[in-house]
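> Have a look at the structure that comes next, please.
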């Protein structure tokens, strides 16, 4: 019996979804985006296996302390400044992802990701009632409060990028291992 398949591998399917998203994303979103926009059989179990195996081409998003951001996948080819996540930057990335997905949904013939877009609209201010979800997401990106929060995080992000550049390549991809808290003499 021949088990050849024309479907891309699990890693390639996750890569397609992350390329469309354009920023680090949670495994559930990666699976949902792939299911909505691409052919294939990407599953949570498959993505979890990639994470555990530290699959080539995929890596962890990093927090400013250079540890892995739990549950966030990124592409290894992305620059460090894109893979380091902070709260305000994470929110901005999410809004940019939603805008990209909404624009892609309009130009992608034959696919109708209605459920996914309805769920994502809930994450955008006034997104549920917006005529153009991409426009609503882009407007939220320019909200003065978010812009100020991103500016306030910039020095910490820049510092994290500089420290990460000094790490060995494996640590740049998967973060610095956390050291368990040691109890001192009591």
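No value in this document is a laboratory result; all are computed from the given coordinates. Quick caveat: nothing in here was measured; it's all calculated off a predicted structure. All Cβ positions, even for glycine, are placed from backbone atoms using ideal geometry, and neighbour counts span all protein chains on display.
> Any idea how far apart residue 115 and residue 103 come out in nm if each label point goes 7 Å out from Cα toward Cβ?
Distance between label points: 2.7 nm.
> Assign one of three labels to region 52-147, namely rounded, prolate or oblate, based on the Cα gyration tensor with a ≥ b ≥ c the square roots of its eigenvalues; rounded applies when a/c is under 1.5, prolate when it is not and a/b is larger than b/c, and oblate otherwise.
oblate
> Can you give the percent of C-alpha pairs in the chain whose distance is more than 24 Å?
45
> For region 1-107, max minus min Cα coordinate along each principal axis, in Å, sorted largest first?
Reported extents, whole Å, longest axis first: 51, 35, 20.
> Hey, rough spin-label estimate for residue 67 and residue 156, points 7 angstrom out along Cα→Cβ, what's it come to in nanometres?
1.4
> Could you work out the relative contact order of the chain, using alpha carbon pairs under 8 angstrom and six or more residues apart, expressed as a whole percent?
Relative CO of the chain lands at 23 percent.
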